[in-house]
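A short worksheet on the structure shown next.
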Amino acid sequence: MPITKSAKKALRQSKKHELQNKSVIRLYKEAVKHTRQENTPENFRSAQSKLDIAAKKHIISKNKARRLKKRLSKPANQSTEE
């Protein structure tokens with residue numbers, strides 16, 4: 001357990017940030033999963049938005065967000081070309 005006043009505050013802050021980060025992680029993972037199951041333009045846009053938000057908040061790296069968006073866009077592009 002933290003002893004000093006600043007350590008107690010740091011613990012409160014880290015718990016709060018952890019909850020916020022977990023909610024963003026859950027949202028982007030659900031969006032990616034939903035897009036992989038049913039790849040529609042609406043689902044892709046939603047997943048893209050959630051990935052951008054997670055990258056902006058430094059929950060995932062920008063490169064990871066780019067990589068996931070590229071992987072999700074490939075099936076969407078193939079379905080529109082046919």
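Every number in this text was worked out from the coordinates using simple rules, so none of it is lab data. Nothing here was measured: the structure is a model prediction, and the numbers come from that model. All Cβ positions, even for glycine, are placed from backbone atoms using ideal geometry, and neighbour counts span all protein chains on display.
Near Arg26: Cβ cut-off under 15 Å, other residues only, Lys/Arg at +1 and Asp/Glu at -1. The net charge is +3. Using C-alpha pairs below 8 Å separated by at least 6 residues, the relative contact order for region 10-81 is 30 percent.
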